[in-house]
Structures are given as structure tokens and as C-alpha cells.
């Protein structure tokens, strides 16, 4: 669930705010008002960095992903491919509304990145349901494809992130595992 929270936070507009130590699962033992405590409640336990190195690496990846995709951070010029700048829906990407009983929420960000000279397309899906859910990805009519960049459920081998060039190409549908977040990047094949 911590990976889910990090992925959603880092793919949200505005300034992402997390507490020092969140990136390696430091805790304040349930105390949300520890600013005046000079004891183990407010101290960072640096031994957790080695113990939770996988979470630390996930945070690093997400921070870098956010940096590489300005469309997440701010509105860009309209995408050349014609996708809406911001679109929300449930399991069917082309659907214009979200069912009131939906357990899955998807958001697509699209814009033209002038620095890179190409569209910046990001698609994030949150499945809060306790079962698998099949989603359809938005059509990229211009010959592009969606690539899986993050899957908080993992691949069974403790792999959650796919750096650029190592992403998994996804055709039109993807099975979202229970209580997970997936992030896709759209680009030319």
C-alpha cells in the first residue's frame, strides 16, 4: 500500500509532500504530532534504509519518473496526437463517465513537451478492488503504444519499476491486480 500511495502522490499535480524517512518506511509509531518530541518517535531510524532498500529505490524511481514527465507536474501545450490534456474514467478508457460503484479510477495526462519535441503521455490506473480488474487503455491512433512503467503489485520477482527502454509494451488491455496502481507511458513504437 505504501507503493500505491507513493505512485499516486508522485503522479498528482502540485507539490508532492512526504515526510523525511517515508522513502524507507520510517514511522512515528502512529504519532502525527511529533514535532516537539526529541526521542525515538521523531528520530529517523537510518537502519531502516538498508532493511527497506526496495522501497527507497521505488521512491527514487518515482521521483525520477515525475521529473522526466512534465505533463504530470503542469499543463503543457495540447498534445499533437489529439488526446485530451486531462481525462478521468474507470476501466474503459473511452468511456466519458465514471460509474458511481467503480472500484477503479484512471487518469490520463497528455501534452506536448517542447523541450523533447514530442508528446508526453502518462496513464495512471488505481484499482482499489480486492480482485483482478481488466482495463482498456486509450487508443493511440497515431501508431503509438502504451508501455508499463510501474506496477505496484509487482511481477512476482520483486520488480515494480521498468526504466525507460525496459518497459513492457501493452497492447490494448491490461489486468490490474488487486489493490494496485499501474502507470503507463505512451510513445511511438
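Observations
- Annotation: residue 58 fulfils all but one of (1) modelled with pLDDT of 90 or more; (2) assigned by TED's automatic domain parsing to the domain that holds residue 131; the unmet one is (2).
- The listed residue being farther than 27 Å from residue 104 by Cα and touching a helix residue (DSSP H, G or I) at 6+ places or on another chain (Cβ under 7 Å), out of 48, 44: 48
- Taken over segment 143-163, the criterion of being free of Cβ contacts under 8 Å to residues at least 40 places away in the same chain and either exposed (fewer than 12 other Cβ atoms within 10 Å of the Cβ) or farther than 23 Å from residue 120 by Cβ (or both) is satisfied by 153, 154, 155, 156, 157, 159.
- Criterion (out of contact with any helix residue (DSSP H, G or I) (no Cβ under 6 Å at 6 or more places or on another chain), on the phi < 0 side of the Ramachandran plot and either not in a strand (DSSP E or B) or not assigned by TED's automatic domain parsing to the domain that holds residue 92 (or both)) met by exactly one of 119, 155: 155
This table checks each residue for (1) touching a residue at least 12 places away in the same chain (Cβ under 8 Å); (2) under 21 Å from residue 169 (Cβ atoms); (3) surrounded by 12 or more Cβ atoms within 10 Å (Cβ to Cβ).
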{"residue": "34", "(1), (2), (3)": "no, no, yes"}
{"residue": "54", "(1), (2), (3)": "yes, no, yes"}
{"residue": "69", "(1), (2), (3)": "yes, yes, yes"}
{"residue": "93", "(1), (2), (3)": "yes, yes, yes"}
{"residue": "116", "(1), (2), (3)": "no, yes, no"}
{"residue": "120", "(1), (2), (3)": "yes, yes, yes"}
{"residue": "127", "(1), (2), (3)": "yes, yes, yes"}
{"residue": "130", "(1), (2), (3)": "yes, no, no"}
{"residue": "133", "(1), (2), (3)": "yes, yes, yes"}
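- Within segment 164-189, the set of residues being touching a strand residue (DSSP E or B) at 6+ places or on another chain (Cβ under 6 Å), without any contact (Cβ under 8 Å) to a residue 40 or more places away in the chain and over 18 Å from residue 94 (Cα atoms) comprises 167, 168, 169.
- Taking helices (runs of 4 or more DSSP H) as the structural unit, those lying wholly within segment 1-113 and holding at least 2 residues that are touching a strand residue (DSSP E or B) at 6+ places or on another chain (Cβ under 8 Å) correspond to 2-10, 53-68, 70-73.
- When residue 106 is tested against the conditions (1) modelled with pLDDT under 95; (2) under 19 Å from the mean Cα position of the chain (by Cα); (3) within 17 Å of residue 169 (Cα to Cα), the lone failure is (3).
The values are calculated or read from the model by the stated rules, or taken from the named source; none is laboratory data. The structure displayed is predicted, hence computed values, not measured ones. Ideal geometry is used to build each Cβ from the backbone, glycine not excepted, and the neighbour counts take in all protein chains shown.
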